[in-house]
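Written out below as structure tokens is the structure these notes cover.
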Amino acid sequence: MIAITLPRRAVAGRLGMSRRSFTRNFHETMGTSFISWLSDQRLTLAQHHLEASNRSLEQIALDAGFGSAVTFRTQFLDRFGVSPSQWRRSFRGAGASQWLGAIR
């Protein structure tokens, strides 16, 4: 599980850096902000659970570190253009390759 709240200040402190230095160095190294990267990690984990498990959307949201199922659904739809339920259904039937081709 990815922690729901992962303040940059706490991460920076664990690395012995100021928040500002961490933010700057993270962006320079990863090419994206820490918040965007973390969101991508959470969405990737959620995708895996949708494809490979029968967990409820609420449980997947919690396991992936989203604050709520509503937040999870909103971010998933914004990122992939389909709801988590639609994504899951695409992996239950023959249409999986169609969805993957359209997304990638």
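The values are calculated or read from the model by the stated rules, or taken from the named source; none is laboratory data. Only a predicted model underlies this, so the values are computations on that prediction, with no experimental measurement involved. Note that each Cβ is placed from the backbone with ideal geometry, even for glycine, and that neighbours are counted across all protein chains shown. Heads up: the accessible areas ignore ligands, DNA and RNA and are worked out on the full protein's heavy atoms, side chains in. Shrake-Rupley method; radii C 1.70, N 1.55, O 1.52, S 1.80 Å.
Worth a mention:
- Neighbour cut-off at most 15 other Cβ (10 Å), DSSP loop, trypsin sites (Lys or Arg not before Pro), segment 14-59: 55
- Surface composition of segment 17-78: carbon plus sulfur atoms contribute 52% of the solvent-accessible area (1.4 Å probe, protein chains only, all chains present).
- Per residue solvent-accessible surface (Å²) - segment 5-59, probe of 1.4 Å: 67 Å²
- Segment residue 73-residue 25, extension gain: residue separation times 0.36 nm, minus the distance between their alpha carbons: 14.2 nm
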